[in-house]
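> Let me begin by handing over the structure; questions about it come next.
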Amino acid sequence: MKQLLQNLKNGAMEIAEVPAPGAAGTGRVLVAMRRTLVSAGTERMLVDFGKAG
């Protein structure tokens, strides 16, 4: 499956191929997603926070 990754130091984003999660174990829940949303405001705030530190 694909996952969007963001470097918080410089804001660079990349799409990476990652393994799909396995079956949920005891005390865990596996949720199937139909849609996702990237909130540009939150990501921008995190990049600014990373650059400040």
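> Identify all residues within region 1-31 that are basic (Lys, Arg), farther than 16 Å from Gly50 by Cβ and in contact (Cβ under 8 Å) with a residue 12 or more places away in the chain; write none if there are none.
In the first step, residues of region 1-31 are kept if they are basic (Lys, Arg); the result is 2, 9, 28.
Subset that is farther than 16 Å from Gly50 by Cβ: 2, 28.
Lys2, the sole residue that qualifies.
> Quick one: would you say Thr36 is surrounded by fewer than 10 Cβ atoms within 10 Å (Cβ to Cβ), within 14 Å of the chain's Cα centre (by Cα) and assigned to a helix (DSSP H, G or I)?
Numbers: surrounded by fewer than 10 Cβ atoms within 10 Å (Cβ to Cβ): yes; within 14 Å of the chain's Cα centre (by Cα): yes; assigned to a helix (DSSP H, G or I): no.
Here the answer is no, as Thr36 does not meet what is asked.
Each value in this text was obtained by applying a stated rule to the coordinates, not by laboratory testing. These figures come from a predicted structure and were not determined experimentally. Note: ideal-geometry Cβ built from the backbone for every residue, glycine included; neighbour counts use all protein chains shown.
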